[in-house]
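The values are calculated or read from the model by the stated rules, or taken from the named source; none is laboratory data. A quick note: this is a predicted structure, and the numbers were derived from the prediction, not measured. All Cβ positions, even for glycine, are placed from backbone atoms using ideal geometry, and neighbour counts span all protein chains on display. Protein only, heavy atoms only, side chains kept; ligands, DNA and RNA dropped before computing areas. Shrake-Rupley method; radii C 1.70, N 1.55, O 1.52, S 1.80 Å.
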Amino acid sequence: MNVLSTGWTIPRPSGLAIGVFDGVHQGHAAVISGLVEQCRSSGLEVGVLTFDPHPVEVLAPDYAPDLLMPVPRRIDLLKQLGVGWVGILDLGEIRMMSPQEFITRILVGRASARLVSVGDDFRFGHDRAGDVHTLTEEGRRHGFEVVSVDLVSDDGGVISSSRIRRLVSAGQVSKAAVLLGRPHRLTGPVIRGDARGRLLGFPTANLALPPDLAVPADGIYAVRVSGTVSGEGVASLGVRPTFGEDGHRLLEVHLFDFTGDLYETILDVDFVERLRGEERFQSVDDLVSQMERDASDARQALDRRK
């Protein structure tokens, strides 16, 4: 996999898809799978042009969405789908290009495009002046084919990154997982806490929440963990109201059947199912009893979703 961020050129004829591809969800996977099949039959390199930062962050920073995943994970998932190279574009550097200039300089001059796959709502160039019709007309002049792909839908509507973000923010992580094709993941270093979970019989790995990423609603979740260690567990996401904390959100993960020191390691936490919302308990004993029920509920949820 070649990851190309500045001054790159693809020497061989390529077929490519263009988009943010945040989440690399089931809709994206359908587009990429079709592209890979076409490229293999035509002897073309398989590529993707993606954006970092998110275009909305450039055009309207106050409305920039929290991402479903960091760019390195996006690239890794594209590789798993068969993509051979990824060109990273900064909209701030190309936004003033006319559609024709974008085609000439980027698609033809740098990406060696022979096949371009885009969604049927694709817009590009200064003031979003170019569309699929523009791209098709210019493709005839420059020698590349354009494939306009219908957006993938299910019973709930179009499968989109924004729809998945809404599900994640509402805590509906199991529904989000269906659209993503995998559970929503947060990754972070294990930081030192107050060791309160250990004193209660439920030692936890505490993770600071990553900035600018979509975080599920506060609550208790069944999770799977990978990275430095692998396993299953139950996680609390929120401000720990029983202990009158200062409102600082924290992700606390209790790994089943694990003993050891995870400080300063990196963990990937996959949110499998939300068990309940965050609650304030009248006593520590009440909290511990609920934690025992949460652990049992999490084990059952994880067994159901193997």
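Miscellaneous remarks
- The slack in the chain from Arg299 to Thr228, taken as 0.36 nm per residue of separation less the alpha-carbon distance, amounts to 23.4 nm.
- Electrostatic bookkeeping for Leu59 treats Lys and Arg as +1 and Asp and Glu as -1; over the other residues with beta carbon under 13 Å from its beta carbon, the sum is -1.
- Near Leu68, the amide H atoms lying under 5 Å from its own belong to Gly23, Ala214; only residues 5 or more places off or on other chains count, and H is placed 1.01 Å from N.
- FRET efficiency, 1/(1 + (r/R0)^6) with R0 41 Å, evaluated for Phe281 and Gln26 via beta carbons: 0.60
- Just the protein heavy atoms count here, and of the accessible area of the chain at 1.4 Å, carbon and sulfur take up 48 percent.
- Sites Gln290 and Glu37, calculated FRET efficiency, Cβ-Cβ separation with R0 45 Å, nearest 0.05: 0.35
- Of the DSSP H helices in the chain, those whose Cα atoms cover at least 18 Å axially and whose Kyte score averages 0.0 or more: 26-42
- Between the beta carbons of Ser5 and Asp268, assuming R0 = 35 Å, the FRET efficiency works out to 0.90 to the nearest 0.05.
- For the chain, diffusion coefficient by Stokes-Einstein and Kirkwood Rh (Cα), 25 °C, 0.890 mPa s, µm²/s: 115
- Between amide H atoms placed 1.01 Å from N, distances below 5 Å from His184 occur with Ala177, Phe271, all of them 5 or more places distant or on a separate chain.
- Fully extended contour minus Cα-Cα distance, from Asp261 to Arg73, at 0.36 nm per residue: 65.1 nm
- The charge dipole of segment 1-117, taken about its Cα centre with unit charges on the Cβ of Lys, Arg, Asp and Glu (plus for the first two, minus for the last two), comes to roughly 500 debye.
- Evaluating kT/(6 pi eta Rh) at 10 °C and 1.306 mPa s, with the Kirkwood radius of segment 1-129 over Cα pairs in the Stokes-Einstein relation, gives 107 µm² s⁻¹.
- Look at the dipole of the chain built from charges on Cβ: of His54, Gly260, Phe21, the Cα furthest out on the positive end belongs to Phe21.
- The mean of 1/r over all pairs of different alpha-carbon atoms in segment 75-163, once inverted, gives a Kirkwood hydrodynamic radius of 14.5 Å.
- Dipole magnitude of the chain about its Cα centre (Cβ charges: Lys, Arg +1; Asp, Glu -1), debye to nearest 20: 680
- Selection from Val132, Pro72, Val234 lying farthest towards where the dipole of the chain points positive, charges on Cβ: Val132
- The largest accessible area among Thr259, Thr228, Thr134 belongs to the first residue in Thr259, Thr228, Thr134, and the rest follow in falling order (1.4 Å probe, all chains).
- Percent RCO, i.e. relative contact order, over segment 117-236, from Cα pairs under 8 Å lying at least 6 residues apart: 16
- Charge dipole (the chain, unit charges on Cβ, about Cα centre) - positive-most of Phe144, Met97, His248: Phe144
- Average accessible area per residue (Å²) across the chain - probe 1.4 Å, nucleic acids and ligands excluded: 49
- In segment 97-142, the C-alpha radius of gyration followed by the widest Cα-Cα span (Dmax) gives 9.6, 25 angstrom.
- Simple label model, 7 Å out from Cα along Cβ direction - Asp120 to His142, nm: 2.4
- With the simple spin-label model, which puts each label point 7 Å out from Cα in the Cβ direction, the Ala208 to Ala64 separation comes to 1.8 nm.
- Per residue of the chain, the DSSP helices (runs of n ≥ 4 H) give a summed -39500 (n - 2.57) that works out to -8500 deg cm²/dmol at 222 nm.
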